[in-house]
Amino acid sequence: MSERTAEPDALSVLASAELVFNKQQIDFAIDQLAAKLSVEYADTNPVIVCVMSGGLVFTADLITRLRFPLTLDYLHASRYHENLSGEGLQWHVLPQSDMAGRTVIIVDDVLDYGITLAEVIKQPVFENAAQVKIVVMLDKLLGRSKPVYADYAALQSDERYAFGRGMDCRGYWRNLPEIYALPAED
């Protein structure tokens with residue numbers, strides 16, 4: 001049996017990337033966000049819907065800081081398919097929880113162009129929810145309009161491609177505790 005080694009490109013990507021947020025900065029931002037959500041949604045019996053796979057780490061970080069009853073569910077939709085730019089949206093799994101009359105908090109890793117999240121919130125499964133809120137770990141400030149905006153963001157960044165803390169770069173580096181960015185393209 002052969003052992004698979006790390007992709008050389010993945011190692012060079014990390015070596016050339018810039019640290020944007022360290023672990024302590026991210027943890028502090030998530031603490032602040034959790035405190036705000038606790039004040040605003042503790043009495044709403046929300047359904048937290050994780051957008052897989054990118055939202056997994058952030059959702060776990062966030063819900064362990066929430067000290068009120070909630071239901072956890074997930075959906076799996078992807079545009080990136082381990083690429084650096086988005087393609088057509090592929091649906092893999094829709095949430096199974098009953099959303100009728102409940103607050104739904106959709107949690108994702110990053111909001112850049114907003115195309116994926118705009119399609120997510122249009123799904124019929126959310127039609128009868130009392131309200132649908134979008135929470136992201138990283139909101140990219142693009143300087144142009146988006147089809148959907150985050151109601152809450154732990155952090156904000158520029159337009160560069162970011163990875164780490166649940167976000168991948170060509171399928172790698174979701175496991176990093178920090179957030180890095182690729183060098184800006186000229």
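What the table below lists for this structure:
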{"item": "Verdict on TYR180 being on the phi < 0 side of the Ramachandran plot and touching a Gly at 6+ places or on another chain (Cβ under 6 Å)", "result": "yes"}
{"item": "Subset of region 102-126 [in contact with a Gly (Cβ under 8 Å, 6 or more places away or on another chain) and of a type in the set (Ser, Thr, Tyr)]", "result": "TYR113, THR116"}
{"item": "Cross-chain or 6+ apart pairs with Cβ under 9 Å, region 170-186 first and free of Cβ contacts under 8 Å to residues at least 60 places away in the same chain, then of a type in the set (Asp, Glu) and surrounded by 13 or more Cβ atoms within 10 Å (Cβ to Cβ)", "result": "ALA184/GLU159"}
{"item": "Unique match (being among the hydrophobic types (A, V, I, L, M, F, W, C), closer than 24 Å to ALA29 by Cα and modelled with pLDDT under 95) among LEU62, LEU142", "result": "LEU142"}
{"item": "Matching residues in region 160-186 - criterion: being touching a strand residue (DSSP E or B) at 6+ places or on another chain (Cβ under 6 Å) and assigned to a loop (DSSP other than H, G, I, E, B)", "result": "ARG160, ARG165, GLY166, TRP173, LEU176, GLU178"}
{"item": "Residues (among the aromatic types (Phe, Trp, Tyr) and farther than 30 Å from GLY101 by Cα) located in region 133-169", "result": "TYR161, PHE163"}
{"item": "Residue ID - modelled with the lowest pLDDT, chosen from residues in region 1-19 that are assigned to a loop (DSSP other than H, G, I, E, B) and touching a strand residue (DSSP E or B) at 6+ places or on another chain (Cβ under 7 Å)", "result": "GLU7"}
{"item": "Exclusive hit being in contact with a Leu (Cβ under 9 Å, 6 or more places away or on another chain) and either β-branched (Val, Ile, Thr) or modelled with pLDDT of 95 or more (or both), set VAL104, VAL110", "result": "VAL110"}
{"item": "Looking only at region 113-139, and only at residues there that are modelled with pLDDT of 95 or more and of a type in the set (D, E, K, R), the one that is surrounded by the most Cβ atoms within 10 Å (Cβ to Cβ)", "result": "ASP139"}
{"item": "Some residue of region 46-57 being touching a Leu at 6+ places or on another chain (Cβ under 8 Å), at pLDDT below 95, of a type outside the set (Asp, Glu) and surrounded by fewer than 18 Cβ atoms within 10 Å (Cβ to Cβ)", "result": "yes"}
{"item": "Single residue of region 146-174 satisfying the filter (closer than 13 Å to ASP109 by Cβ and more than 12 Å from the chain's Cα centre (by Cα)) that is surrounded by the fewest Cβ atoms within 10 Å (Cβ to Cβ)", "result": "SER157"}
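The values are calculated or read from the model by the stated rules, or taken from the named source; none is laboratory data. No experiment lies behind these values; they were computed from the predicted model shown. No Cβ is skipped: glycine too gets one built from the backbone with ideal geometry, and neighbour counts run over all protein chains shown.
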